[in-house]
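Only one structure is covered here, and it is reproduced in the block below.
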Amino acid sequence: MLQTRLSRRTFLAAGSSFLAYAALAGAQESRPRTRLVLLGTGGGPTPKAKAAAPAQAIVVGNRIYLVDCGDGVARQLALAKLPLRDLRAVFITHQHSDHNAGYGPLFLLGWPGGLSEPVDVYGPPPLVDMTKQLLEAYRFDIELRMRDEGRPPLARLVRPHEITAGGEVFKDDRVRVTAALNDHPPIEHSFAFRFDATDRSIVISGDTRYSENVIKLAQGADVLVHEVVSREFWERPGAPQPPDVVRHILASHTDAPDVGRVAAAAGVGTLVLSHFVPTEGPGAPSDEQWIAGVRRHFKGRIVVAKDLLVL
């Protein structure tokens with residue numbers, strides 16, 4: 001009899017534990033998983049054969065938060081199987097052409113591609129005027145499709161917000177986004193962005209030289225995506241750019257050892273190298289060389305980004 005009672009009690013306890021575990025597992029599964037999709041990893045304004053222009057997608061459940069709009073970003077989203085209709089917000093780090101040349105086409109092409117809800121866009125000036133002028137440039141096509149296809153006005157789907165200082169810039173029930181001014185001379189308003197979701201934190205450095213603000217923003221982050229430049233490549237004789245361009249590259253970007261210093265000082269879990277300068281061509285560093293430069297100061301996990309890589 002005693003054995004029967006104990007067996008029943010054990011069974012009920014086990015059943016209760018199973019139900020509690022199932023409820024916990026169900027709650028965890030209901031939380032949207034946060035993914036980082038490296039849409040474009042090339043650095044610089046010229047088109048690259050082996051890498052698309054800079055862009056990253058933070059995907060939380062079925063919502064897409066896009067950082068930078070390099071040329072061809074709409075197609076990169078398609079290749080990544082990320083529907084344009086799921087775009088929730090866009091963040092522009094700075095107004096260099098390799099980071100914004102795909103901004104207008106993103107909306108012009110997303111509009112007939114299923115985009116129907118307004119998208120908030122955050123970035124430095126002149127974002128508002130730029131948005132207005134792009135819509136004006138596409139006015140013939142927009143008005144034609146509104147008449148011929150019955151589409152709603154495209155302007156209602158794009159809500160630009162200019163930012164000129166660091167701090168929280170966006171928050172919804174999935175993610176909180178914080179901006180920090182980085183250091184990308186001669187541009188005054190250039191930003192890094194941090195995304196804090198329930199399951200992980202991701203920081204995008206933007207274009208910057210070594211920056212204490214980026215270190216502060218990235219403190220304890222799970223993932224830091226940081227641009228990287230090869231000083232050795234650009235200081236060698238016969239570098240494939242005029243002296244003034246080389247001077248700009250070295251004065252406004254972060255070489256591999258300093259990227260390692262940033263990641264180590266911030267205490268990040270994973271460092272993702274991207275926006276490579278140079279991206280390709282004779283003498284461009286190999287993956288192993290990029291890692292070796294960073295490894296002098298950072299001992300954590302290092303990932304050399306490739307287009308469409310998902311982390």
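Quick look at the values:
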| quantity | calculated |
| --- | --- |
| Among G61, L157, A265 - extreme Cα towards positive end, dipole of the chain, charges at beta-carbon | G61 |
| Gain upon complete extension [D199, R63; 0.36 nm per residue less C-alpha separation] | 47.5 nm |
| Inter-label distance for K299 and S286, nm, one decimal - labels placed 7 Å from Cα along Cα-to-Cβ | 2.6 nm |
| The chain: DSSP helices with Cα axial extent of at least 30 Å and average Kyte-Doolittle hydropathy no lower than -1.0 | 2-30 |
| Ranked packing of 241-248, 32-39, 201-208, most packed first, by mean Cβ within 10 Å | 201-208, 32-39, 241-248 |
| Separation of the A137 and S97 label points, Cα + 7 Å toward Cβ, nm | 1.1 nm |
| Mean Cβ neighbour count within 10 Å, used as a protection proxy, ranking 263-274, 288-299 highest first | 263-274, 288-299 |
| Residues whose placed amide H lies under 5 Å from that of V158, excluding near-sequence neighbours | V119 |
| In the chain, lysine pairs closer than 23 Å at Cα, eight or more apart or cross-chain | 7 |
| Dipole in debye (nearest 20) - the chain, about Cα centre, beta carbon charges: Lys, Arg +1; Asp, Glu -1 | 1480 debye |
| Inverse mean reciprocal Cα-Cα distance (Kirkwood Rh) of the chain, Å | 20.9 Å |
| Ordering of 89-101, 134-146 by burial proxy (mean other Cβ atoms within 10 Å per residue, highest first) | 89-101, 134-146 |
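Values quoted throughout were computed directly from the atomic coordinates according to the rules given, and no laboratory measurement underlies them. Keep in mind it's a predicted model, so treat the numbers as computed, not measured. No Cβ is skipped: glycine too gets one built from the backbone with ideal geometry, and neighbour counts run over all protein chains shown.
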